[in-house]
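To start, the structure under review is shown below, and the notes come after it.
The values are calculated or read from the model by the stated rules, or taken from the named source; none is laboratory data. Only a predicted model underlies this, so the values are computations on that prediction, with no experimental measurement involved. We place every Cβ from the backbone using ideal geometry, glycine too, and count neighbours over all the protein chains shown. Note: areas computed on protein heavy atoms with side chains; ligands, DNA, RNA excluded. Shrake-Rupley method; radii C 1.70, N 1.55, O 1.52, S 1.80 Å.
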Amino acid sequence: MEIWTIDLCFISPFHTTGNNMGSFIQIARNQDRKGNSIPYIPATHLKGVMRCEAERIMKGSAGISCFITGNPYSTDHEIMVCDEVKAGGYGCPVCSLFGVPNIDGGGGFREGKLRFLDFYPSKGKEEVNILRRSHVMINREFQVKEEHALYSEEAIPSGTIFTGDIIIRTGLTDEEKRVFLASLHTMACYGLGKNRSRGFGALKIGEIKKSDGTVISEV
């Protein structure tokens, strides 16, 4: 087993939706061991975005036939798996890294080599200033503002660094490592959280440190 500790450096404000309190939308928060409420990036969000990017990369480079994250070319976003996965195996690095969900015809649930943990601000709760912004809802059909639709939401300011761990359960092949790192960096290009169309969620990958102290990359 190996642990990679990764820094996500946000270069624009960042928002993941937490509690909705009327017209006020909070960012997602979790409690630390002391009971403090602190912002975080859910592991499921990171894993989902990275898997989508890994699937896209492998479709372009190796022509894989799976659509574990849903076929974007079908109206119902049908989930499709290859014959190797149906037979209980792993068809390509996407499934071997991220696992196989329990779906009909998928050969049953199998864990992948990667386990994601939640990411938290690297400097602690007391040093993160939460922004509050007000917006007006837009009618997408007519491209005009909605009447009586003012709302406010929180955001993490640009410059904030989130740090977290990704556990590698068993050793990676050279191809799996390439797909893992490629999906990590393309996730940064895609962005995280809500309101990406308004410039939110842009980031770059900072330091990546292995459990033995080896630094893989840094800003």
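Remark: accessible surface ordering of Asp174, Asp7 (largest first) is Asp174, Asp7, probe radius 1.4 Å. Were the residues from Asn30 through Asp165 laid out at 0.36 nm apart, the gain over their Cα-Cα distance would be 47.0 nm. One decimal place: the segment Ser197-Ile11 gains 65.5 nm when fully extended, by the rule 0.36 nm per residue minus the C-alpha distance.
With each label modelled as a point 7 angstrom along the Cα→C-beta vector, the Glu111-Ile38 pair spans 2.5 nm. Label zone (Ile3, point 7 Å along Cα-to-C-beta; backbone nitrogen cut-off 16 Å) within region 166-207: 166-170.
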